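The values are calculated or read from the model by the stated rules, or taken from the named source; none is laboratory data. As the structure is a prediction and not an experimental result, all values here were calculated from the model. When we count neighbours, we look across all protein chains shown, and the Cβ atoms used for this are built from the backbone with ideal geometry, even at glycine. The accessibility values were calculated without ligands, DNA or RNA, using every heavy atom of the protein model including side chains. Shrake-Rupley method; radii C 1.70, N 1.55, O 1.52, S 1.80 Å.
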Amino acid sequence: MPALHKTSLLDAMKTRVVIGDGAMGTMLQDAHLTLEDFLGLEGCNEILNDTRPDVLREIHRAYFAAGADAVETNTFGCNLPNLADYDIADRIRELAEKGTRLARDTADEMGPGRDGMERFVLGSMGPGTKLPTLGHAPFAILRDAYTEAPLGMIDGGADAILVETCQDLLQVKAAIIGSQHAMDRLGVRIPIITHVTVETTGAMLVGSEIGAALTALEPLGIDMIGLNCATGPAEMSEHLRHLSKHSRLPVSVMPNAGLPTLGPKGALYPLTAPELATALGTFVTEYGLSLVGGCCGTTPEHIAQVADLVHGLQKAERVPAPEPGVSSIYTAVPFEQDASILMIGERTNSNGSKAFRDAMLSEDYEKCLDIAKDQIRDGAHMLDLNVDYVGRDGAADMAALASRLATASTLPIMLDSTEPAVLEAGLEHLGGRSAVNSVNYEDGDGPDSRFQKIMQLVKEHGAAVVALTIDEEGQARTAEWKVRVADRLIEDITTNWGLRHEDIIVDTLTFPISTGQEEVRRDGIETIEAIRQLKAKYPKVHTTLGLSNISFGLPNRHGINNAFLPMAMGAGMTSAIMNPVAGPLNATKIAEKRAEMAAAGIILPEEMDDETFVTLFGMGSTRSKPGSEMAAIRAANLLMNHDPNGGQWIGFSRIIDAVNEGATFAEASQ
């Protein structure tokens, strides 16, 4: 992406509230246009940029004269779905440029506005009629078509792109990425403003809450986020409160003049100009908004009242409290969970679940969705989706499953693959914010490396990323090696790709402890120590493990996993790819013993009675079996038995022997 080319609009917002214009459609309806003006294309307002430029100039002039600092272009429908309906899809760029130039020329003719501030032109991009999340149109086709309008808008002199009235997060993503591709082609960068539309239901048309929208859209590289259309200001208040509280970006609003009622000539909007001005003034002083204007039903009179009132107001100072996380199309899920670690369901993985693999191979997608829903019911916070299988078309499998999970799953998706094409297929079907699993330096970091190819997808789609501690020498085994690779990954991802620490999830790798080989005896310990060091060095970076890897090939895997989990959590691990039925252990109880665990990542039996020991090591499963206490102790012994003379692990074999002979845990610990 080129460096920001036009900054004057964003600069103005730092010191004042920018006033936007009002409705375009309302003004066109009052212009007494004929079918001839539309060239027979009834309802195609964009054709007026060619046939009736005089009408458009007068509308822009009226809003500027009323006190607007910025006007929107008459290009709302310059997109593939809209213009294809009129069989003029080949005119997207042309009509976008003409519409933008009309606004630009009007702004320049009128000269500076209030206090000498320049007048701005916002290139309007509406949603079209196709919702890709619901399968109405392929993402890639929409994205490429969305490139055309910004090309025309930039050529026509736009100060910013306004992607507005957004109803589907996947459609918004297509419009934003398409706009960025246009800027790459032209070698310029102008701000991108995104306005989502929240219905009276409290969600976007496809069901997205405002938190999901913010989580998904902010990482895409936009410059402002806000709301427009569908409702009046009263219905927008709580959604604006959320944006004001959590968004790092400037926040804006352009509401309708109230909720419409049906009149003899169509929709009637009840909110008067003073009422709209009062509502927007309150938003400025309470939520610190940077741009306010109007949508359907608002007129130059409304904007004049808004400008007069807002001009003298001091906007509230915002101190955003971001909530780093991921989201489905419906809801956001923060990385930091209050009562547990972030559990990433492992059963939607063709390599880890035979049931899922068999269902995928037979294209029994309902069965695949049932497995996903079981993970949701069992308490997962995110689903790990892996479709990699030898001989299969991974991209096709990913598209088939991601497109279904996009609407069937309320949880975010972690896309798990080593193939860039497979990851891209998933990202192009998921409107929420996904996590990409994973990147590493196995084949280096050169231009043709998988690291580079996958990071390009991560950056473009605003995903979070899992970074594995693997470099050109192999999988890191010691804590020092793991941390060294993690240092390199974190520096690379933040410096060269622009992600924040909180967008990164480091996997320090878990290896099976089942081989009996001397070189793997310390693998579990080294992993825990690496987590501890990374948490201390990068407190905002998240960590994860494929929990069940530790017990691969061993009996009583649940007991081993259940022993390893609290050690890793005590060291600072924040998430785990796991079967949610198996945990996690209660965070409150873990916190009570955190001091002991912090010493070496373990719990010392001498300091616990039998009830506490069983609670910590046996409570993770809602399907626990008799004898889980012994399973936990044996698992702990296996995990921690390295150098009996090292003084770090205390007497587990002795405790097990004593319990086998009939002693209680408390007696055995003496």
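Looking for something modelled with pLDDT of 95 or more and under 17 Å from C296 (Cβ atoms) - is there at least one such residue anywhere in the stretch 218-227? Walk me through how you get there before you give the answer.
So the first thing to find is which residues in the stretch 218-227 are modelled with pLDDT of 95 or more, and the list is 218-227.
When the remaining residues are screened for being under 17 Å from C296 (Cβ atoms), the result is 226-227.
The answer is yes, given that some residue of the stretch 218-227 is modelled with pLDDT of 95 or more and under 17 Å from C296 (Cβ atoms).
Starting from the stretch 358-373, take each residue that is within 11 Å of L401 (Cβ to Cβ) and list its partners that are open to solvent by 60 Å² or more (accessible area, probe 1.4 Å), counting only C-beta distances under 7 angstrom and pairs at least six apart or across chains.
A359/K367; Y365/R404; L369/R404; I371/R347
Kindly indicate whether G426 is under 19 Å from L401 (Cα atoms), in contact with a strand residue (DSSP E or B) (Cβ under 8 Å, 6 or more places away or on another chain) and modelled with pLDDT of 95 or more. Lay out the reasoning, then the answer.
Details: under 19 Å from L401 (Cα atoms): yes; in contact with a strand residue (DSSP E or B) (Cβ under 8 Å, 6 or more places away or on another chain): yes; modelled with pLDDT of 95 or more: yes.
Yes: the conditions hold for G426.
If you go through the stretch 476-492 one residue at a time, how many are assigned to a helix (DSSP H, G or I) and either open to solvent by less than 10 Å² (accessible area, probe 1.4 Å) or acidic (D, E) (or both)?
Step one: list which residues in the stretch 476-492 are assigned to a helix (DSSP H, G or I), which gives 479-492.
Restricting the remaining residues to those that are either open to solvent by less than 10 Å² (accessible area, probe 1.4 Å) or acidic (D, E) (or both) gives 479-480, 482, 485-487, 489-492.
Total satisfying the criteria: 10.
If a residue has to be at positive phi and assigned to a loop (DSSP other than H, G, I, E, B) to count, how many in the stretch 459-475 make the cut?
Within the stretch 459-475, the subset at positive phi is 462, 474.
Applying the additional criterion that residues be assigned to a loop (DSSP other than H, G, I, E, B) yields 462.
Residues flagged as at positive phi and assigned to a loop (DSSP other than H, G, I, E, B) within the stretch 459-475 amount to 1.
Any residue at all in the stretch 41-51 that is under 22 Å from R143 (Cβ atoms) and either of a type in the set (S, T, Y) or at pLDDT 95 or above (or both)? Lay out the reasoning, then the answer.
Quick first cut of the stretch 41-51, residues under 22 Å from R143 (Cβ atoms) only: 46.
From what's left, either of a type in the set (S, T, Y) or at pLDDT 95 or above (or both): 46.
Looking for residues that are under 22 Å from R143 (Cβ atoms) and either of a type in the set (S, T, Y) or at pLDDT 95 or above (or both), one finds at least one in the stretch 41-51, hence yes.
Among (1) under 25 Å from A576 (Cβ atoms); (2) open to solvent by 40 Å² or more (accessible area, probe 1.4 Å), where does L415 come up short?
(2)
May I ask you to say which residue of S438, S434, S449 is open to solvent by 10 Å² or more (accessible area, probe 1.4 Å), of a type in the set (S, T, N, Q) and within 16 Å of A421 (Cα to Cα)?
On the way: S434 fails: open to solvent by 10 Å² or more (accessible area, probe 1.4 Å); S449 fails: open to solvent by 10 Å² or more (accessible area, probe 1.4 Å).
None of the other options fit; the residue is S438.
Being touching a helix residue (DSSP H, G or I) at 6+ places or on another chain (Cβ under 7 Å), under 30 Å from I560 (Cα atoms) and aromatic (F, W, Y), is that true of even one residue in the stretch 495-510?
no
I need a count of the residues in the stretch 348-390 that are open to solvent by 20 Å² or more (accessible area, probe 1.4 Å), touching a Leu at 6+ places or on another chain (Cβ under 9 Å), at pLDDT 95 or above and in a loop (DSSP other than H, G, I, E, B).
1
Considering only residues that are in contact with a His (Cβ under 6 Å, 6 or more places away or on another chain) and of a type outside the set (G, A, S), which ones fall in the stretch 97-122? Talk me through it step by step, then tell me what you get.
If we filter the stretch 97-122 for residues that are in contact with a His (Cβ under 6 Å, 6 or more places away or on another chain), which is where we start, we get 103, 106.
Across the stretch 97-122, the qualifying residue is only T106.
Give the residues of the stretch 148-179 that are hydroxyl-bearing (S, T, Y) and either under 14 Å from E218 (Cα atoms) or open to solvent by less than 10 Å² (accessible area, probe 1.4 Å) (or both), sorted by residue number. Even if it seems obvious, please write down each step before you answer.
Here is the first cut: in the stretch 148-179, the residues hydroxyl-bearing (S, T, Y) are 165, 179.
Correct list: S179 only.
Go over the candidates T75, T26 one by one and state the one that is of a type in the set (S, T, Y), within 17 Å of I161 (Cβ to Cβ) and crowded, with 17+ Cβ neighbours inside 10 Å. So that I can check it myself, show each step before the final result.
Working: T26 fails: within 17 Å of I161 (Cβ to Cβ).
Just one listed residue meets the conditions, T75.
Against the conditions (1) under 23 Å from L268 (Cα atoms); (2) not in a loop (DSSP other than H, G, I, E, B), where does D50 fall short? Just the number, please.
Evaluating D50 over (1) under 23 Å from L268 (Cα atoms); (2) not in a loop (DSSP other than H, G, I, E, B) leaves (1) as the failure.
Just wondering, is there one or more residues in the stretch 244-258 that are of a type in the set (V, I, T), modelled with pLDDT of 95 or more, surrounded by 15 or more Cβ atoms within 10 Å (Cβ to Cβ) and within 24 Å of S124 (Cα to Cα)?
Step one: list which residues in the stretch 244-258 are of a type in the set (V, I, T), which gives 251, 253.
After this cut, where a residue has to be modelled with pLDDT of 95 or more as well, the list is 251, 253.
Okay, now just the ones that are also surrounded by 15 or more Cβ atoms within 10 Å (Cβ to Cβ), so 251, 253.
Within this subset, residues satisfying the condition of being within 24 Å of S124 (Cα to Cα) are 251, 253.
Yes, the conditions are met somewhere in the stretch 244-258.
Could you tell me which numbered condition A339 fails, if it satisfies all but one of (1) open to solvent by less than 50 Å² (accessible area, probe 1.4 Å); (2) in contact with a helix residue (DSSP H, G or I) (Cβ under 6 Å, 6 or more places away or on another chain); (3) touching a residue at least 60 places away in the same chain (Cβ under 8 Å)?
(1)
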